[in-house]
Number of protein chains: 2
Amino acid sequence: MNQVIETILRHRSVRKFTEQPLSSEQIELIVKSAQAASTSSYIQAYSIIGITDLKKKQALAEVAGNQAYVAENGHFFIFCADLHRHQKIGEWEGSDVLPSIESTEKFMVALIDTALAAQNAVLAAESMGLGICYIGGIRNDLEKVASFLKTPKHVIPLFGIAVGYPAKETSQKPRLPLNHVYHENEYEQDESAFKAGIDQYNQSVQDYYNKRTNGKRSDTWSSQMGTMLEKKSRMYMKEFIEKKGLNLR
Amino acid sequence: MNQVIETILRHRSVRKFTEQPLSSEQIELIVKSAQAASTSSYIQAYSIIGITDLKKKQALAEVAGNQAYVAENGHFFIFCADLHRHQKIGEWEGSDVLPSIESTEKFMVALIDTALAAQNAVLAAESMGLGICYIGGIRNDLEKVASFLKTPKHVIPLFGIAVGYPAKETSQKPRLPLNHVYHENEYEQDESAFKAGIDQYNQSVQDYYNKRTNGKRSDTWSSQMGTMLEKKSRMYMKEFIEKKGLNLR
């Protein structure tokens, strides 16, 4: 196993950082790494906003449900799906690009592009001994986030990434069984095989919690998912995205 | 610079592979690497389908615009956004999860989760000396792809990844200037600075093509984007996604 795969498999989210900030060289290398990712038809449909202003970090932490590590870290990045520059280029080139930019297809392209870049950034950071945590919580209120960041139309802040030197080790939660996630030639349609995969996994998640909490906690993955997905969270999203001129047609 | 960042920065898409197939150990390590990525609230909203059936590969290559490397490679993966298992779990747990699963928010979560996993898979493969190419072209006709792969409702095949031993070296296309993609504290709203970033980049893209083609090709990034985005491509996507029970509310 090489250093890349070791770094990938060692990943765990870090939620407590020392006060040491990232150097500008580190930030630059992380952004360059993000940019090296594949991009659909060369579109590069993302922007990255680094937050250094402490008041802004605090405000973002509040949006994200008062998660302290959004404000207290070595650096905070926000990754945005971005088709603003393409809309501008359309104007400058005299090309009617809006119908395409407003399509669900291009919305998907922008999301995928942004996430590929982000995962490169994360692995670059982790390879330097830094820890990271993705912050989906900024999507609790994108109106606020967009006004903090002054993002124009056709730009959607998707998630933050808190980066810094780990102050506390965290553990790695077990993943779905490989043969449940990985299919060959076609999607496994057999419901009993499917259910067996989930049952096996529920057992390993229960074992994990039991062990970590000395028997105080023993929920399964299914029960977690059931509870989480019963909540209708962030239901404003569709309207917000459409107002920003994306996912419209 | 460490081995991880070197691997990330060395990336280029490979579009011609030798006939050597990946070993099952390689495939397993790539899938495990994918699964090690961060996942929003532990949701793990993706599945991966490996295509070994030659007829199926050929059919997928046709959908993707007759790209030979979709059929001829060491292994072909299809990464799918997947909320099917969550819908099933909802049934089993007696939780009303559909309103949440059908939301634009969860559609975004599934896309981001899938792309993070994919980029881990890509870097794991590249670290083994393999080359890769993302294949967005499968989205030319997802009705066909979904029927080839027998994917159920709430599953969207997003892209393929062709993997294999490189048979031909490719070059790395220049990326947008770092200071154009990376902002501090807020999105750069100054139009002249914004335009300067694009102008500078257009020049470097022109230089790149000029050099590679001995002056035969000198298009800019802006002109490429204008031409590409003038085409209304894959406009069926919104309806397809909605029919699959996602991005509805």
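Compute the long axis of helix A:24-35 from its Cα atoms, compare it with the longest principal axis of the Cα atoms of chain A, and write down the angle in degrees, 0 to 90, nearest 10.
90
Ignoring ligands, DNA and RNA, what percent of the accessible area of segment B:90-249 is carbon or sulfur (1.4 Å)?
46
Starting from the Cα of B:Lys211, draw a straight line to each of the lysines and keep only those under 20 Å, dropping any in the same chain fewer than 8 residues away.
Within the straight-line limit of under 20 Å, B:Lys211 reaches these lysines: B:Lys168, B:Lys173.
Which whole-Hz couplings ³J(HN,Hα) result when phi for each residue of segment A:183-191 is put into the Karplus expression 6.51 cos²θ - 1.76 cosθ + 1.60, θ = phi - 60°, listed in order with x for Gly and Pro?
10, 10, 6, 8, 5, 4, 9, 6, 5
Test of understanding: in a Gaussian network model of chain B with alpha carbons linked when under 10 Å, which of B:Asn120, B:Asn179, B:Asn73 would top the mean-square fluctuation ranking?
B:Asn179
If you take every residue apart from A:Thr104 with its C-beta less than 13 Å away from the C-beta of A:Thr104, what net charge results, scoring Lys and Arg +1 and Asp and Glu -1?
+4
Under the rule of -39500 (n - 2.57) per DSSP H run of 4 or more residues, summed and divided by the residues of the protein assembly as shown, what mean residue ellipticity at 222 nm is obtained, to the nearest 500 deg cm²/dmol?
Calculated at 222 nm, the ellipticity per residue is -14500 deg cm²/dmol.
Hey, for A:Asp207 with labels 7 Å out along Cα-Cβ, what do the inter-copy distances come to in nm, ordered shortest first?
5.7
Please report the relative contact order for segment B:77-171, taking Cα pairs under 8 Å with a sequence separation of at least 6, and give it as a percent rounded to a whole number.
The normalised contact order for segment B:77-171 reaches 43 percent.
Placing a label point 7 Å from Cα toward Cβ, how far apart in nm is B:Ser192 from its equivalents in the other copies, listed shortest first to one decimal?
7.4
Give the separation of the Cα centroids, segment B:137-189 to segment A:181-199, in Å.
26
In debye, nearest 20: dipole of the protein assembly as shown around its Cα centre with unit charges on the Cβ of K, R (+) and D, E (-)?
60
Any chance you could check the Cα centroid distance between segment A:46-87 and segment A:89-115 for me, in angstrom?
Between the Cα centres of segment A:46-87 and segment A:89-115 lies a distance of 23 Å.
List the residues whose amide H sits under 5 Å from the amide H of A:Ile135, counting only those 5 or more places along or on another chain, with H placed 1.01 Å from N in the peptide plane.
A:Gly160, A:Ile161, A:Ala162
Hey, got the average number of other protein chain Cβ atoms within 10 angstrom for residues in A:85-95?
Counting other chains' Cβ atoms within 10 Å and averaging over A:85-95 gives 6.
What is the average number of partner chain Cβ atoms found within 10 Å of a Cβ in B:216-229?
Per-residue shielding by partner chains comes out at 5.
Excluding A:Ile161 itself, calculate the net charge of residues whose Cβ lies under 14 Å from the Cβ of A:Ile161, where each Lys or Arg counts +1 and each Asp or Glu counts -1.
Local charge sum for A:Ile161: +2.
Which one of A:Thr213, A:Ala193, A:Leu178 has its Cα pushed farthest toward the positive end of the charge dipole of segment A:178-218, where Lys and Arg give +1 and Asp and Glu give -1 at the Cβ?
Value computed over the given set: A:Thr213.
Residue by residue through B:41-50, how many Cβ atoms from other chains fall within 10 Å of the Cβ on average?
Counting Cβ atoms of other protein chains within 10 Å of each residue's Cβ and averaging gives 5.
In whole Hz, what ³J(HN,Hα) sequence does segment A:117-123 give by Karplus (6.51, -1.76, 1.60; θ = phi - 60°), x for Gly and Pro?
Each residue of segment A:117-123 in turn: 4, 4, 5, 4, 4, 4, 5 Hz.
Given label points at 7 Å from Cα along Cα→Cβ, what nm distances, shortest first, separate A:Asn140 from the same residue in every other copy?
4.5
Using unit Cβ charges (K, R positive; D, E negative) and no other charged atoms, how large, in debye to the nearest 20, is the dipole of segment A:112-177 about its Cα centre?
120
Placing unit charges on C-beta atoms (Lys and Arg positive, Asp and Glu negative, everything else neutral), compute the dipole magnitude of segment A:178-218 about its Cα centre in debye, rounded to 20.
That gives a dipole near 640 debye.
The values are calculated or read from the model by the stated rules, or taken from the named source; none is laboratory data. Every value quoted in this text rests on a predicted model; they were computed, and no experiment measured them. Here Cβ is always computed from backbone atoms with ideal geometry, including for glycine, and neighbour counts include all displayed protein chains. Note: accessible area is taken over every heavy atom of the protein model, side chains too, but ligands, DNA and RNA are not part of it. Shrake-Rupley method; radii C 1.70, N 1.55, O 1.52, S 1.80 Å.
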